[in-house]
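The values are calculated or read from the model by the stated rules, or taken from the named source; none is laboratory data. The structure presented is a predicted model; accordingly, all values stated were derived computationally and were not measured. We place every Cβ from the backbone using ideal geometry, glycine too, and count neighbours over all the protein chains shown. For accessibility, only protein heavy atoms count, side chains too; no ligands or nucleic acids. Shrake-Rupley method; radii C 1.70, N 1.55, O 1.52, S 1.80 Å.
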Amino acid sequence: MTTSAAAPTGSADTGSGGTGSGDGATAGGGTVTDRLVEANEHYAAMFRDPGMDARPVLRVAVVACMDARIDLHRALGLQLGDCHTIRNAGGVVTDDVIRSLTISQRALGTRSVVLIHHTGCGMQTLTKDFRHDLEMEVGQRPSWAVEAFRDADQDVRQSMRRVRTSPFLPHTDDVRGFVFDVTTGRLREIDPA
């Protein structure tokens, strides 16, 4: 098993003029990172300091999957400065997510937590063999749990429980969980019970 991902040959790099070769090169000969740095130069040339501080205006932290199909801010009608966004594979509540939420609440004033999983998540296709195969490939057992799941609704419930029972989080009254449908763009709320 090879655990490193590569883009399929011939895949499109939508709108960027990329080669789609999967090697990180773009049509201009540079890497994807070079393209991002160039885009930042254009962004910085027009950038004006919005005059905000780090505290989210809406006092909410959103934990969601890192899936590239989810434009989280647009999907939730959020603007720059509205929320803290914490993303990882699956949108699961790990120790590191609790760490970020603790800092978000205790140091930066958030009070609400929104948890978002989604349909067609790659974490639903992984098995416990992933960790074992990774260890066999690299010769070292990962120190982290994969946190794969089969049922998105149930995993949202587990994530809500982890947030609500954390001794580090002082604000656990407004914790809600959802599954985002990647084909319709709609959120479906999950009953915590």
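Being over 17 Å from the mean Cα position of the chain (by Cα) and more than 30 Å from Pro50 (Cα to Cα) narrows it down to one of Gln154, Gln105, Gln124, so name that one.
Values: Gln105 fails: more than 30 Å from Pro50 (Cα to Cα); Gln124 fails: over 17 Å from the mean Cα position of the chain (by Cα).
So the residue among Gln154, Gln105, Gln124 that is over 17 Å from the mean Cα position of the chain (by Cα) and more than 30 Å from Pro50 (Cα to Cα) is Gln154.
Need pairs with beta-carbon distance below 6 Å; first residue under 20 Å from Val156 (Cβ atoms) and within the stretch 56-84, second open to solvent by 80 Å² or more (accessible area, probe 1.4 Å); sequence gap 6+ or separate chains.
Here the result reads Ala64/Arg87; Met66/Arg87; Cys83/Leu58, each pair linking the stretch 56-84 to a residue that is open to solvent by 80 Å² or more (accessible area, probe 1.4 Å).
Go through the stretch 133-164 and give me each residue that's open to solvent by 90 Å² or more (accessible area, probe 1.4 Å), over 22 Å from Pro192 (Cβ atoms) and not hydrophobic (A, V, I, L, M, F, W, C).
Those that are open to solvent by 90 Å² or more (accessible area, probe 1.4 Å), over 22 Å from Pro192 (Cβ atoms) and not hydrophobic (A, V, I, L, M, F, W, C): Gln140, Arg141, Ser143.
For Arg87, indicate whether it is farther than 18 Å from Leu169 by Cβ and modelled with pLDDT of 95 or more.
Details: farther than 18 Å from Leu169 by Cβ: yes; modelled with pLDDT of 95 or more: yes.
Yes: the conditions hold for Arg87.
Anything in the stretch 100-112 that is touching a residue at least 40 places away in the same chain (Cβ under 8 Å) and not in a loop (DSSP other than H, G, I, E, B)? List them, or say none.
Those that are touching a residue at least 40 places away in the same chain (Cβ under 8 Å) and not in a loop (DSSP other than H, G, I, E, B): Leu101, Thr102, Ser104, Gln105, Arg106, Leu108, Ser112.
For the stretch 63-90, give me each residue that is among the small types (Gly, Ala, Ser), surrounded by fewer than 20 Cβ atoms within 10 Å (Cβ to Cβ) and in a helix (DSSP H, G or I).
Initial filter on the stretch 63-90 (among the small types (Gly, Ala, Ser)): 64, 68, 75, 77, 81, 89-90.
Narrowing the set further to residues that are surrounded by fewer than 20 Cβ atoms within 10 Å (Cβ to Cβ) leaves 68, 75, 77, 81, 89.
If the condition is that a residue be among the small types (Gly, Ala, Ser), surrounded by fewer than 20 Cβ atoms within 10 Å (Cβ to Cβ) and in a helix (DSSP H, G or I), then Ala75, Ala89 are the ones that fit.
Arg106 is checked against (1) of a type in the set (D, E, K, R); (2) in contact with a Leu (Cβ under 9 Å, 6 or more places away or on another chain); (3) closer than 29 Å to Gly185 by Cα and fails just one. What number does that condition carry?
Of the numbered conditions (1) of a type in the set (D, E, K, R); (2) in contact with a Leu (Cβ under 9 Å, 6 or more places away or on another chain); (3) closer than 29 Å to Gly185 by Cα, the odd one out for Arg106 is (3).
Could you list, in sequence order, the residues of the stretch 39-62 that are open to solvent by 100 Å² or more (accessible area, probe 1.4 Å) and not in a loop (DSSP other than H, G, I, E, B)?
Those that are open to solvent by 100 Å² or more (accessible area, probe 1.4 Å) and not in a loop (DSSP other than H, G, I, E, B): Glu41, His42, Tyr43, Met46.
If you take the residues of the stretch 99-124 that are aliphatic (A, V, I, L, M) and open to solvent by less than 20 Å² (accessible area, probe 1.4 Å), which of them is nearest to Val146 (Cα to Cα)?
Of the stretch 99-124, the ones aliphatic (A, V, I, L, M) are 101, 103, 107-108, 113-116, 123.
Add one more test, that the residue is open to solvent by less than 20 Å² (accessible area, probe 1.4 Å), and what stays is 101, 113, 115-116, 123.
Values: Leu101: 20, Val113: 23, Leu115: 18, Ile116: 18, Met123: 8 Å.
Filtering the stretch 99-124 for residues that are aliphatic (A, V, I, L, M) and open to solvent by less than 20 Å² (accessible area, probe 1.4 Å), the one nearest to Val146 (Cα to Cα) comes out as Met123.
Out of (1) farther than 20 Å from Asn88 by Cβ; (2) surrounded by 15 or more Cβ atoms within 10 Å (Cβ to Cβ), the odd one out for Arg186 is which?
(2)
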